[in-house]
Amino acid sequence: EGYASPFLSGKGNDDFVVRNDRNDVRVLQCPTPPVLRQGIAETAGLPHICVAGESNAGKSSLINHLLKKKLAKASSVAGKTRSVDLMLVNERLVLADLPGLPSRDHQVERLWRSTWEPLVASYVRECEPLRAMLYAHDIRWKVTPLVRSFLQD
(Lines give C-alpha, C1' and ligand atoms only; values in the text may rest on other atoms or scores of the structure.)
Protein backbone atom coordinates (compact mmCIF):
# COMPACT_ATOMS: atom_id res chain seq x y z
CA GLU A 1 0.00 0.00 0.00
CA GLY A 2 1.26 3.56 0.67
CA TYR A 3 4.02 4.78 2.92
CA ALA A 4 2.83 6.11 6.28
CA SER A 5 5.07 8.87 7.57
CA PRO A 6 5.98 8.51 11.27
CA PHE A 7 5.78 12.30 11.63
CA LEU A 8 2.42 13.33 10.18
CA SER A 9 -0.92 11.64 10.64
CA GLY A 10 -4.59 11.75 10.01
CA LYS A 11 -7.19 11.82 12.75
CA GLY A 12 -7.21 9.32 15.56
CA ASN A 13 -3.75 7.74 15.24
CA ASP A 14 -1.58 8.26 18.33
CA ASP A 15 1.42 6.49 16.78
CA PHE A 16 2.38 9.63 14.86
CA VAL A 17 4.59 12.39 16.23
CA VAL A 18 2.62 15.28 14.70
CA ARG A 19 -1.15 14.96 14.45
CA ASN A 20 -3.39 16.90 12.11
CA ASP A 21 -6.17 17.37 14.63
CA ARG A 22 -4.69 17.82 18.11
CA ASN A 23 -1.11 18.71 18.87
CA ASP A 24 -0.03 19.44 22.42
CA VAL A 25 2.76 22.01 22.10
CA ARG A 26 4.79 23.71 24.80
CA VAL A 27 7.05 26.59 23.71
CA LEU A 28 10.36 27.28 25.44
CA GLN A 29 11.76 30.67 24.38
CA CYS A 30 15.55 30.71 24.61
CA PRO A 31 16.88 34.25 24.03
CA THR A 32 20.35 33.70 25.55
CA PRO A 33 22.94 30.88 25.50
CA PRO A 34 22.40 29.95 29.19
CA VAL A 35 18.61 29.75 28.72
CA LEU A 36 19.17 27.79 25.49
CA ARG A 37 21.40 25.27 27.27
CA GLN A 38 18.67 24.84 29.89
CA GLY A 39 16.05 24.33 27.16
CA ILE A 40 18.22 21.70 25.46
CA ALA A 41 18.71 19.97 28.82
CA GLU A 42 14.93 20.00 29.50
CA THR A 43 14.28 18.32 26.15
CA ALA A 44 17.12 15.81 26.39
CA GLY A 45 16.26 12.45 24.91
CA LEU A 46 13.87 13.84 22.29
CA PRO A 47 14.83 14.34 18.64
CA HIS A 48 15.18 17.96 17.48
CA ILE A 49 14.44 19.35 14.03
CA CYS A 50 15.30 23.00 13.47
CA VAL A 51 13.87 25.38 10.89
CA ALA A 52 16.39 27.91 9.57
CA GLY A 53 16.47 30.44 6.75
CA GLU A 54 16.62 34.10 5.92
CA SER A 55 14.29 36.61 7.58
CA ASN A 56 10.83 36.56 6.00
CA ALA A 57 11.43 33.29 4.13
CA GLY A 58 8.47 31.59 5.81
CA LYS A 59 10.09 29.63 8.67
CA SER A 60 7.48 30.46 11.30
CA SER A 61 4.62 30.09 8.83
CA LEU A 62 5.88 26.61 7.94
CA ILE A 63 5.96 25.60 11.61
CA ASN A 64 2.47 27.02 12.23
CA HIS A 65 1.15 25.13 9.21
CA LEU A 66 2.74 21.83 10.28
CA LEU A 67 1.41 22.10 13.82
CA LYS A 68 -1.98 23.54 12.83
CA LYS A 69 -1.45 26.22 15.50
CA LYS A 70 -0.27 29.84 15.46
CA LEU A 71 2.61 29.49 17.91
CA ALA A 72 5.59 30.70 15.88
CA LYS A 73 5.87 34.45 15.35
CA ALA A 74 4.99 34.87 11.65
CA SER A 75 5.02 38.45 10.35
CA SER A 76 5.79 40.51 7.27
CA VAL A 77 8.25 42.45 9.46
CA ALA A 78 11.78 41.03 9.41
CA GLY A 79 13.22 39.83 12.71
CA LYS A 80 10.05 38.86 14.58
CA THR A 81 11.67 35.65 15.92
CA ARG A 82 14.35 36.93 18.31
CA SER A 83 15.22 33.74 20.18
CA VAL A 84 15.59 30.05 19.56
CA ASP A 85 12.05 28.88 20.24
CA LEU A 86 11.93 25.20 21.17
CA MET A 87 8.50 23.70 20.57
CA LEU A 88 7.95 20.46 22.43
CA VAL A 89 5.40 18.63 20.28
CA ASN A 90 3.27 15.92 21.91
CA GLU A 91 6.15 15.18 24.33
CA ARG A 92 7.85 13.33 21.43
CA LEU A 93 9.67 15.84 19.21
CA VAL A 94 11.20 19.30 19.42
CA LEU A 95 10.80 21.76 16.54
CA ALA A 96 13.18 24.70 16.87
CA ASP A 97 12.25 28.01 15.24
CA LEU A 98 15.51 29.89 14.66
CA PRO A 99 15.97 33.64 14.16
CA GLY A 100 16.40 34.52 10.49
CA LEU A 101 19.63 35.25 8.71
CA PRO A 102 19.86 38.74 7.21
CA SER A 103 18.19 38.83 3.81
CA ARG A 104 19.20 40.85 0.78
CA ASP A 105 17.84 44.07 2.34
CA HIS A 106 20.14 43.69 5.40
CA GLN A 107 17.32 44.72 7.81
CA VAL A 108 18.46 42.50 10.68
CA GLU A 109 22.18 42.30 9.94
CA ARG A 110 23.34 44.03 13.13
CA LEU A 111 21.10 41.85 15.33
CA TRP A 112 22.24 38.73 13.46
CA ARG A 113 25.93 39.43 13.96
CA SER A 114 25.72 40.57 17.58
CA THR A 115 23.08 38.28 19.07
CA TRP A 116 21.37 35.74 16.84
CA GLU A 117 24.35 34.24 15.00
CA PRO A 118 26.12 33.22 18.25
CA LEU A 119 22.81 31.88 19.63
CA VAL A 120 22.04 29.83 16.49
CA ALA A 121 25.63 28.55 16.30
CA SER A 122 25.41 27.51 19.95
CA TYR A 123 22.18 25.60 19.29
CA VAL A 124 23.51 23.79 16.21
CA ARG A 125 26.81 22.86 17.90
CA GLU A 126 25.52 21.96 21.36
CA CYS A 127 22.22 20.22 20.62
CA GLU A 128 23.19 16.54 20.51
CA PRO A 129 19.68 15.35 19.61
CA LEU A 130 19.50 17.65 16.54
CA ARG A 131 18.56 15.26 13.73
CA ALA A 132 17.68 17.56 10.84
CA MET A 133 17.58 21.14 9.63
CA LEU A 134 14.84 22.39 7.34
CA TYR A 135 16.12 25.41 5.43
CA ALA A 136 13.43 27.76 4.10
CA HIS A 137 14.47 29.94 1.18
CA ASP A 138 12.39 32.27 -0.99
CA ILE A 139 13.24 31.25 -4.56
CA ARG A 140 12.87 34.85 -5.71
CA TRP A 141 16.06 35.70 -3.78
CA LYS A 142 19.61 34.83 -4.81
CA VAL A 143 21.61 32.71 -2.40
CA THR A 144 24.00 35.08 -0.64
CA PRO A 145 27.56 34.33 0.50
CA LEU A 146 26.30 34.55 4.11
CA VAL A 147 23.75 31.79 3.44
CA ARG A 148 26.38 29.61 1.76
CA SER A 149 28.73 30.09 4.70
CA PHE A 150 25.96 29.32 7.22
CA LEU A 151 25.01 26.10 5.45
CA GLN A 152 28.62 24.95 5.09
CA ASP A 153 29.31 25.43 8.80
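The values are calculated or read from the model by the stated rules, or taken from the named source; none is laboratory data. Treat the numbers as computed from the prediction; the structure is a model and nothing was measured. All Cβ positions, glycine included, derive from the backbone under ideal geometry; neighbour counts span all protein chains shown. Just the protein is used for accessible areas: all its heavy atoms, side chains included, with ligands, DNA and RNA removed. Shrake-Rupley method; radii C 1.70, N 1.55, O 1.52, S 1.80 Å.
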- request: Might you work out the accessible area of Leu66 for me, using a 1.4 Å probe with all protein chains in place, and round it to the nearest 10 Å²?
  value: 50
- prompt: Modelled label-to-label distance, Arg140 and Val27, 7 Å Cα→beta-carbon offset: nm?
  reply: 2.6
Residues of the stretch 119-153 with amide N under 18 Å of a point placed 7 Å along Cα→Cβ from His65: 133-141
message: For His48, His137, give me the order by solvent-accessible area with a 1.4 Å probe, most accessible first, ignoring ligands, DNA and RNA.
response: His137, His48
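In terms of solvent-accessible area of protein heavy atoms at a 1.4 angstrom probe, what is the ranking of Glu109, Glu54, Glu126, highest value first?
On the way: Glu109 60, Glu54 0, Glu126 80 Å².
Descending accessible area places them as Glu126, Glu109, Glu54.
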message: Just to check I understand the Karplus step: with θ = phi - 60° and J = 6.51 cos²θ - 1.76 cosθ + 1.60, what whole-Hz values come out for the stretch 139-153, glycine and proline as x?
response: 5, 6, 9, 6, 6, 8, x, 4, 5, 4, 5, 4, 6, 6, 6
field: Potential lengthening between Leu151 and Val35 on full extension [0.36 nm per residue; Cα-Cα distance subtracted]
entry: 39.3 nm
- prompt: With labels modelled as points extended 7 Å from the Cα through the Cβ direction, what inter-label distance (nm, one decimal) is found for Arg131 paired with Glu42?
  reply: 2.2
